[in-house]
1. Filter the stretch 93-107 down to the residues that are crowded, with 19+ Cβ neighbours inside 10 Å and either of a type in the set (D, E, K, R) or part of a helix (DSSP H, G or I) (or both) and list them by number.
2. Look at Arg216 and say whether it is within 19 Å of Val106 (Cβ to Cβ) and charged (D, E, K, R).
3. Does Glu45 count as among the acidic types (Asp, Glu) and touching a Lys or Arg at 6+ places or on another chain (Cβ under 7 Å)?
4. Give the residue that is farthest from Ala57 (Cα to Cα), with candidates limited to residues of the stretch 76-92 that are modelled with pLDDT under 90 and surrounded by fewer than 21 Cβ atoms within 10 Å (Cβ to Cβ).
5. Inspect all residues belonging to the stretch 80-102 and state whether any of them is farther than 26 Å from Gly146 by Cα and either within 18 Å of the chain's Cα centre (by Cα) or of a type outside the set (A, V, I, L, M) (or both).
Amino acid sequence: MLHDLQTIQAADSRPPFHLVDPAPDGPASAFQGLAQLKGSILRIERGAVIVAQGDAADYCYVIVAGCVRTVGLMQDGRRQIGEFLVPGDLFGWESLDEYGFGAEAVTRATLRRYTCRSLENFARQDRGFATRFRALAASTLRQREGHVFLLGRMTASERIAGFLLQMADRIGGGVGIRIELPMSRADIADYLGLTTETVCRGLTEMQRQGVIAIDRGQIMIRNRGALRARCAASSCSTAGFSALASGPRLPQSPKTRRAPEA
């Protein structure tokens, strides 16, 4: 059911795409129980700001389609990307009074929006949902601890290799032989704490060594073992990217098993 359909457009965006109600068994179905809550479906144009850093944290969002980045800005304009969110991920729920990071659409995206208060009230009423919500908090903390390792201790080569493995697992469905990265090289640099030039040089060097192949926006992983070896160069690399490999998504409730027939 669609509620309060809205469109958020960037200033230079093309006309909004046609919105289709997300399939009940699609990525957002991982948030079982949320269908009982009144929410909005938003269609977001590429480059549009969904929430701004410092805005009142009244809403949380589930990614149904597309890719979103969370962004922190310093007073001098420098930017740090906190995470890339893909279908099935949830953001905004972890904020208190205001959003510590803003959120922007990397691609055209479809989101489901709920008030934070409605999620809190639902968690009080539904024990199973509360348990899954606690698991979400734990996995989100683990993911952010991994990002601390990345920014503080990994070399540029380790960061780039680990990022490709992370995206292969998240976007490529676990197989990750060929991945189409929706974000720009500048986005990747601001996520990894590197310069755009360093990211480009690193990818070019991996291609020269036969570890990856680059075809326009697509990257083919030719030697996954070599990427893993780069990440395993230090103990913190392995710990960091094992945490980063999964985004902040709410675990699905256990499926009821049918009793075996006599």
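1. Residue satisfying the conditions is Glu104 alone.
2. Judged against the criteria, Arg216 is a match.
3. Criteria met by Glu45.
4. Once the filter is applied, the top-ranked residue is Gly77.
5. no
The values are calculated or read from the model by the stated rules, or taken from the named source; none is laboratory data. A quick note: this is a predicted structure, and the numbers were derived from the prediction, not measured. Neighbour counts are summed over all protein chains in view; Cβ atoms, including those assigned to glycine, are modelled from backbone coordinates with ideal geometry.
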